[in-house]
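Asks: Please read through the structure below; I'll follow up with questions.
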Amino acid sequence: MKPTRPGIASADRRRRGPFSSLLDQILHDQTALDGLAFAYAELAAPERDALVRAVLQDAADPTRALAALLAVEEEPRARQRLAALIQRHGRVEQTAFLAGTRVNGEARLLQSLPSLDPESLRVTWKGSKIEAIEIESPYGPTMEATAPAVSVSVAVETLTPLLWQHIRAGGRLPEGVERFAGFFSGPSSP
């Protein structure tokens, strides 16, 4: 009988062991990053949770690894958990742009993770009702040229009642919006 190897959850690994070397490699090697995401996608839920815990334990900076796992995760609760972990343990730079008033305007929340392209959430409203909520490519239309940068807390203060009203009225949010939860989940950067 072949001895079984301990799984990720029960392995007694040193912090910064061989797995941490793989995690360090994904910062510079897209193939290694793809391999981690592919392996995660093939695991059952308990093993996925164990892999996430291992990433948090062993990675010097878990941001990019967690973002790769989020990209392939399809279960909504797991996606929310990964997004929250990125906000809590990752290095995420946040910037906000705001134009108009509380009645008519638009806001863009821009975030970037190390080694990844930035992404933004653009919200427009008219008559105190949201017209559009879009996740934009970093290469799409930009507001920076026309809208002033503001503190994240000012943009969130303006957007929160509009978004709450939109959701309560049955409005939909775009797929992937949970990646921007960090803007609304705690003390905002100045």
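Asks: Just want to confirm a number: the relative contact order over segment 18-89, from Cα pairs under 8 angstrom separated by 6+ residues, in percent.
Replies: The value is 35 percent.
Asks: Is the C-alpha gyration tensor of segment 18-89 telling us rounded, prolate or oblate? Criteria: a/c under 1.5 is rounded; beyond that, a/b larger than b/c is prolate, otherwise oblate.
Replies: prolate
Asks: Would you mind computing, in nm to one decimal, how far apart the modelled labels at SER112 and ARG172 are, each placed 7 Å from Cα along Cα→Cβ?
Replies: Modelled inter-label distance: 3.2 nm.
Asks: Oh, and also: Between THR101 and ALA44, take the C-beta separation as r, use R0 = 45 Å, and let me know the FRET efficiency to the nearest 0.05.
Replies: Computed FRET efficiency for THR101 and ALA44 comes out at 0.35.
Asks: Let me ask you something else. Please report ILE26, ILE167 as a ranked list, fewest other C-beta atoms within 10 angstrom at the top and most at the bottom.
Replies: Least crowded to most crowded, the residues run ILE167, ILE26.
Asks: Can you sort LEU66, LEU173 from fewest to most other Cβ atoms within 10 Å of each residue's own Cβ?
Replies: LEU173, LEU66
Asks: Once all Cα-Cα distances of segment 72-119 are split into 10 Å bins that start at 0, what whole-number percent is in each one?
Replies: With 10 Å bins starting at 0, P(r) equals 22, 38, 28, 12.
Asks: Using packing as a proxy for protection, rank 149-158, 126-135 so that the peptide with the highest average count of other Cβ atoms within 10 Å comes first.
Replies: Per-residue Cβ counts within 10 Å, averaged per peptide and sorted highest first, yield 149-158, 126-135.
Asks: Mind sorting ARG168, ARG64, ARG79 by how few other Cβ atoms lie within 10 Å of their own Cβ, fewest first?
Replies: ARG168, ARG79, ARG64
Asks: Related question: Using the beta-carbon distance between ARG77 and SER128 and R0 = 35 Å, what value does 1/(1 + (r/R0)^6) give for FRET efficiency, to the nearest 0.05?
Replies: FRET efficiency, ARG77 to SER128: 0.65.
We did not get these values from a lab; they are worked out from the coordinates using the rules stated. Remember, predicted model here, so these are calculated numbers, not experimental data. Methodologically, a virtual Cβ is constructed for each residue, glycine included, from the backbone with ideal geometry; neighbour enumeration extends over all protein chains shown.
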